[in-house]
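Engineer: Let me begin by handing over the structure; questions about it come next.
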Amino acid sequence: MPFLILSDIHGNLEALTAVLEDARGRYDRILCLGDLVGYGADPNAIVEWVRANVDVVVRGNHDKVCVGLDSAEHFNHAAQASARWTESQLNAENRAYLERLPRGPLPYQSLDLVHGSPADEDEYLQSAYQLQGYLPFLGAQVTLFGHTHVQGGFLLTTRAAAPISPRGVLDIEPDYYYLINPGSVGQPRDRDPRAAYALYCEEERTVEYRRVAYDAHRAGAKIRAAGLPDFLAARLLEGI
Ligand code: ZN
């Protein structure tokens, strides 16, 4: 059975619910690449669901900032406001859970899990150019990453790197290394507002990229009702 790969849920319960409905019956384990909270209006509900259902999790930069493990000085105004609000909302058990999340890279079976990159948990992997000469940092043939909120990833050989177009099913070929980004469940930034996720099948050696529409108006209304910046609600409708 495949693994359900989730990243950057960001407190968006409407998006997570739609993803679980879309993926129902198609997986037997759940892996999460961090940023459970921040931006969205349901941090406690998301952390409680992750605690009860997810098999392996690595921490994201928002998870650290929202529990005071890192400073928000590098965040923009909206991200700072949401981090302060999220910290004020988290109950003690959920806060303690976020504080204990491991940093990536975290090996799981044949995979490595990271939030940002194998070299730095906070690094944004955004272009193939960044990945020239990157092979020594890879601990597995397939590394799962998030953080950029852009579905897809990269294919590497000893000499070159290229972006992966996230359409349908990708075959994992023996001669390549893969950095796979399932995209963001709760705040996609690749101009497709639908929630993003992936299914990884070890037996078939495939990655299936998936998108699913969800009620972004409702998620945005909750963000506004919490008094958070309007931009955080508006961007959900645009996928930016
Ligand atoms: Zn994120």
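The values are calculated or read from the model by the stated rules, or taken from the named source; none is laboratory data. Given the structure is predicted, the values throughout are model-derived calculations rather than measurements. Virtual Cβ from ideal backbone geometry, glycine too; neighbours counted across all protein chains shown. What goes into the accessible areas is simple: the full protein's heavy atoms, side chains included, and nothing from ligands, DNA or RNA. Shrake-Rupley method; radii C 1.70, N 1.55, O 1.52, S 1.80 Å.
Engineer: Pick out the one residue from 197, 124 that is within 16 Å of the ligand (Cβ to nearest atom) and touching a residue at least 60 places away in the same chain (Cβ under 8 Å).
Structural biologist: 197
Engineer: Can you give me the number of residues within the stretch 27-45 that are without any contact (Cβ under 8 Å) to a residue 40 or more places away in the chain and within 16 Å of the ligand (Cβ to nearest atom)? Walk me through how you get there before you give the answer.
Structural biologist: The first filter runs over the stretch 27-45 and keeps only residues without any contact (Cβ under 8 Å) to a residue 40 or more places away in the chain, leaving 28-30, 32, 45.
Next cut, within 16 Å of the ligand (Cβ to nearest atom) only: 32.
The number of residues fulfilling the criteria is 1.
Engineer: Is it the case that the stretch 150-160 has a residue that's of a type in the set (S, T, N, Q), at pLDDT 95 or above, within 17 Å of residue 16 (Cβ to Cβ) and within 17 Å of the chain's Cα centre (by Cα)?
Structural biologist: Yes, the stretch 150-160 has at least one match.
Engineer: Right, something else. Kindly provide the set of residues from the stretch 106-119 that are within 12 Å of residue 146 (Cα to Cα) and either assigned to a loop (DSSP other than H, G, I, E, B) or of a type in the set (Phe, Trp, Tyr) (or both), ordered by number.
Structural biologist: 114, 115, 116, 117, 118 - these are the residues of the stretch 106-119 that are within 12 Å of residue 146 (Cα to Cα) and either assigned to a loop (DSSP other than H, G, I, E, B) or of a type in the set (Phe, Trp, Tyr) (or both).
Engineer: Which one is modelled with the highest pLDDT, of the residues in the stretch 73-91 that are in a loop (DSSP other than H, G, I, E, B) and either of a type in the set (Phe, Trp, Tyr) or open to solvent by 30 Å² or more (accessible area, probe 1.4 Å) (or both)? Break it down stepwise before answering.
Structural biologist: Initially, the stretch 73-91 is screened for residues in a loop (DSSP other than H, G, I, E, B), giving 73-76, 90-91.
So of that shortlist, the ones also either of a type in the set (Phe, Trp, Tyr) or open to solvent by 30 Å² or more (accessible area, probe 1.4 Å) (or both) come out as 73-76, 91.
Values: 73: 91, 74: 90, 75: 93, 76: 93, 91: 98.
Checked the stretch 73-91; the qualifying residue modelled with the highest pLDDT is 91.
Engineer: Something else now. For the stretch 195-224, which positions are in a strand (DSSP E or B), crowded, with 18+ Cβ neighbours inside 10 Å and in contact with a Lys or Arg (Cβ under 8 Å, 6 or more places away or on another chain)? Steps first, please.
Structural biologist: Pass one, the stretch 195-224, residues in a strand (DSSP E or B): 195-201, 206-212.
Pick out the ones that are also crowded, with 18+ Cβ neighbours inside 10 Å and you get 195-200, 207-211.
Passing the criteria: 195, 196, 197, 198, 199, 209, 211.
Engineer: Quick one: in the stretch 3-26, of everything that is at negative phi and within 15 Å of the ligand (Cβ to nearest atom), which residue is nearest to the chain's Cα centre (by Cα)? Don't jump to the end; show me each part of the working.
Structural biologist: Of the residues in the stretch 3-26, the ones at negative phi are 3-7, 9, 12-24, 26.
Still in the list and also within 15 Å of the ligand (Cβ to nearest atom): 5-7, 9, 12, 15-16.
On the way: 5: 8, 6: 6, 7: 2, 9: 6, 12: 12, 15: 12, 16: 11 Å.
Residue satisfying both the conditions and the ranking: 7.
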